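Participant: Can you read through this structure? Questions will come right after.
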Amino acid sequence: AVVSTQSTGQCHGLTNQSANIGFHKEATRIADGTVLPDAWDSHSNYNTQRALNEIRASTGLRETINNMIEQTANDLEAQRLRTEYAFRKRIHEVQMSKDELEWQQRNTKREMDVLMEDIRGLKQAISDKDKPLEVAETRAENRTYRPRVELCRDVPHDGIVRERNELQSTVRNLVDQHNIADDALDQLRKTQNRLDEDWAIKENSLELDERCMTKRQKLLLVSHKV
């Protein structure tokens with residue numbers, strides 16, 4: 001088509017003054033391969049229609065590709081937002097759980113301090129009963145050396161016995177309370193250890209999730225620049 005256009009243009013440009021004009025033998029002959037105008041029109045229309053079809057197909061393909069790229073980008077953005085939400089939700093949940101653990105740690109520590117103070121008080125109360133008990137038993141022992149009929153189970157004797165028994169009963173109760181408090185303190189220590197371990201796990205998990213969020217934000221900035 002380009003050669004034909006060039007040839008036609010050259011012929012149209014010939015004039016009586018053109019340098020390359022001259023006589024040619026059988027110039028009006030029908031050259032081999034000559035086609036009729038209808039065939040020429042048909043061939044030209046075919047090429048034109050084919051080109052238009054290919055352009056339309058290419059345009060449709062480009063639209064399909066662009067739609068796919070846009071849809072993929074939208075899907076990726078939607079997934080990114082879902083993941084961001086999941087991360088933020090998880091971070092919030094872990095932070096809330098960590099705050100709750102810290103509250104429990106403070107309460108447990110406060111309860112341990114109170115209980116240790118009570119144990120110190122019980123130990124002191126037990127110790128404070130030693131001297132009165134020694135006095136009561138010494139009195140009872142000394143009165144066993146009274147001579148003859150003076151060795152009588154009189155009112156003072158009964159009072160000493162009651163006093164000694166009451167002191168021993170009080171000491172036993174104090175010891176029981178001390179043992180109960182000591183066991184409770186041991187359980188609180190175990191609870192505190194479990195809370196500390198759980199807190200450390202939550203802290204590590206929170207740090208990892210926040211680090212992931214930071215890296216995701218950096219990747220997002222790079223993708224926007226590209």
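The values are calculated or read from the model by the stated rules, or taken from the named source; none is laboratory data. Worth saying up front: this structure is predicted, and the values here are computed from it rather than measured. So basically every Cβ, Gly included, is an ideal-geometry build from the backbone, and we count neighbours across all protein chains shown. Keep in mind that these areas ignore ligands, DNA and RNA; they rest on the heavy atoms of the full protein, side chains included. Shrake-Rupley method; radii C 1.70, N 1.55, O 1.52, S 1.80 Å.
Participant: Go through segment 127-155 and count every residue that is at pLDDT 80 or above and touching a helix residue (DSSP H, G or I) at 6+ places or on another chain (Cβ under 8 Å).
Facilitator: Total meeting the criteria: 6.
Participant: Say whether the condition of being under 24 Å from T170 (Cβ atoms), touching a residue at least 40 places away in the same chain (Cβ under 8 Å) and of a type outside the set (F, W, Y) is met by at least one residue in segment 84-101.
Facilitator: No, the conditions are met nowhere in segment 84-101.
Participant: Kindly indicate the residue of segment 84-98 that is over 8 Å from the mean Cα position of the chain (by Cα) and closer than 12 Å to S205 by Cβ and also least open to solvent (accessible area, probe 1.4 Å) among those meeting that condition.
Facilitator: For segment 84-98, the residue satisfying everything is K98.
Participant: Quick one: in segment 144-197, which of the residues that are among the basic types (K, R) and open to solvent by 60 Å² or more (accessible area, probe 1.4 Å) is nearest to E117 (Cα to Cα)?
Facilitator: R189
Participant: Among all residue pairs at least 6 apart or on different chains, which show Cβ distances below 8 Å where the first residue, located in segment 146-171, is touching a residue at least 40 places away in the same chain (Cβ under 8 Å) and the second is assigned to a helix (DSSP H, G or I) and not basic (K, R)?
Facilitator: Sorted first by the residue in segment 146-171, then by its partner, the pairs are V171/I126; V171/L133.
Participant: For the structure I just gave you, tell me whether K109 is closer than 30 Å to E210 by Cβ, open to solvent by 80 Å² or more (accessible area, probe 1.4 Å) and touching a residue at least 24 places away in the same chain (Cβ under 8 Å).
Facilitator: yes
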